[in-house]
Each structure stands twice: as structure tokens, then as C-alpha cells.
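Asker: This is the structure, below, for whatever I ask next.
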Amino acid sequence: MTQGITCSCGALLVEDVDERGVRPVGSDGFITFRRTTDYVMCEKCMAMYDVRSLIEKATSSEVIGLLETLAAHSQDDE
């Protein structure tokens, strides 16, 4: 398990990040970010984060690298 990511409001947003994607708080499944419009929403304040926004919130180089890989594999909705 990698380091989680917190929302701007301070609530834990993502519990785990790995090569499959991100696991939001309270979820057993992973979000893969197949499209640039895929996002994670904070349970506390309802703020939404796409994969690029999560990269900005991440604090460890390992998590940033995993998120950058996920972002590279996401495609526009065209």
C-alpha cells in the first residue's frame, strides 16, 4: 500500500494508489482513469479530482510516478 492522498478540506480522499489505479476512501475497487473525465470525489466536501489534480495533491515520488503513468494511459473523450 502506498501513501494516501488528502483533499483540500483535509479529509482522506484516496486510500491507495498502485498500477491498477486509485482506491477511494471506503471502496474495495480501484478507479483506473481510462478517460480524462474520470474523477474521484471527496466524501466530506464533494470536491472532484481528476488524475492530473491528484498528481498535484500527492506528496511522495512513488505515488506521483504511479499517477503520471495512469494519466499517460487515459484518453480524451473524442
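Asker: Over the chain, with a single point scatterer placed on each C-alpha, what log10 of the ratio I(q)/I(0) does the Debye formula yield at q = 0.13, 0.16, 0.24, 0.26 1/Å?
Answerer: -0.32, -0.49, -1.14, -1.34
Asker: Expressed as a rounded percentage, what relative contact order does the chain have, with Cα pairs under 8 Å and six or more residues apart?
Answerer: Working: 135 pairs, mean separation 22.8, N = 78.
Here the relative contact order equals 29 percent.
Asker: Turning to a different aspect of this structure: Pop the C-beta distance of Asp50 and Asp28 into the FRET formula with R0 = 22 Å and round what comes out to the nearest 0.05.
Answerer: Details: r = 22 Å, r/R0 = 0.99.
After rounding, the FRET efficiency stands at 0.50.
Asker: In the chain, what % of DSSP beta bridges are antiparallel (nearest 5)?
Answerer: Details: 10 of 11 bridges.
Here the share of antiparallel DSSP bridges comes out near 90 percent.
Asker: Once you charge only the Cβ atoms, +1 for Lys and Arg and -1 for Asp and Glu, what is the size of the charge dipole of the range 17-78 about its Cα centre, to the nearest 20 debye? Write down the numbers at each step before the final one.
Answerer: On the way: 7 positive and 12 negative charges, 38 e Å.
Here the size comes out at about 180 debye.
None of the figures in this text is laboratory data; all of them are computed from the coordinates on show. What you see is a predicted model, and the numbers here were worked out from it, not measured in a lab. When we count neighbours, we look across all protein chains shown, and the Cβ atoms used for this are built from the backbone with ideal geometry, even at glycine.
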